[in-house]
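Structure, as structure tokens:
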Amino acid sequence: MFYPFLYWERHMHDTLNVSSESLLNKRPIGRVALVWRADSSAEVPTPGATGFHLIFSALDALALGAKPVLYSEETEETVRARLLSMDGVLVWVDPLREGKDRSRLDPLLREVAARGVWVSAHPDVILKMGVKEVLYRTRELGWGARYRPVYRDRRLQ
């Protein structure tokens with residue numbers, strides 16, 4: 001099976017000596033979804049109209065076709081179908097926001113990853129890293145924030 005992200009990682013410096021014109025004429029070597037939370041009635045914006053426009057541009061320059069995917073619990077089945085049609089998924093969904101959490105998104109991402117789609121910040125990796133817990137515990141070092149721990153893996157206590 002061909003994994004575009006593995007190819008890209010192995011050849012990421014190959015494009016340094018290639019003109020931008022030849023990159024623009026290149027057919028996409030993979031499809032990447034950028035996922036963030038939005039209201040279920042929201043229209044999917046054009047990539048240039050999002051806060052992620054530089055990421056979309058960078059991925060397009062690397063011949064990776066990037067598409068926005070808006071996540072909400074109400075559109076979960078549609079999101080699942082879109083993610084399964086991709087080669088990779090970059091996820092920007094806060095763990096806790098506006099009374100919502102990732103309790104339904106994380107199992108969806110695990111399923112998508114188990115079916116061969118590369119998922120950034122895989123939920124199991126995030127739990128093992130305890131990223132938010134580390135920031136909370138080290139907040140007195142001057143780089144953290146005074147937040148309650150968001151991720152807490154009981155096995156790491």
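Considering only segment 38-145, give the helices (runs of 4 or more DSSP H) lying wholly within it that have at least 3 residues that are not assigned by TED's automatic domain parsing to the domain that holds Pro28.
Working: elements: 53-61, 76-84, 105-114, 123-129, 131-137.
Of the helices (runs of 4 or more DSSP H) lying wholly inside segment 38-145, those with at least 3 residues that are not assigned by TED's automatic domain parsing to the domain that holds Pro28 span 123-129, 131-137.
Select from segment 106-126 the residues that are of a type in the set (A, V, I, L, M, F, W, C) and out of contact with any Phe, Trp or Tyr (no Cβ under 6 Å at 6 or more places or on another chain) and list them in ascending order.
From segment 106-126, those of a type in the set (A, V, I, L, M, F, W, C) are 108-109, 112-114, 117-119, 121, 125-126; that's our starting set.
If the condition is that a residue be of a type in the set (A, V, I, L, M, F, W, C) and out of contact with any Phe, Trp or Tyr (no Cβ under 6 Å at 6 or more places or on another chain), then Leu108, Leu109, Val112, Ala113, Ala114, Val117, Val119, Ala121, Val125, Ile126 are the ones that fit.
Would you mind telling me which numbered condition in (1) of a type outside the set (Asp, Glu); (2) surrounded by 20 or more Cβ atoms within 10 Å (Cβ to Cβ); (3) over 14 Å from the mean Cα position of the chain (by Cα) Leu109 fails?
Only one criterion is unmet by Leu109, namely (3).
Would you mind telling me which numbered condition in (1) closer than 20 Å to Ala121 by Cβ; (2) touching a residue at least 40 places away in the same chain (Cβ under 8 Å); (3) surrounded by 13 or more Cβ atoms within 10 Å (Cβ to Cβ) Ala63 fails?
Every condition holds for Ala63 apart from (1).
What are the residues in segment 66-101 that are polar (S, T, N, Q) and surrounded by 14 or more Cβ atoms within 10 Å (Cβ to Cβ), if any? Working first, answer last.
Pass one, segment 66-101, residues polar (S, T, N, Q): 72, 75, 78, 85.
Ser72, Thr75, Thr78, listed by residue number.
The values are calculated or read from the model by the stated rules, or taken from the named source; none is laboratory data. In this text, all values refer to a predicted model and were calculated from it rather than measured experimentally. Glycine also receives a Cβ, built like all others from the backbone with ideal geometry; neighbour counts cover every protein chain displayed.
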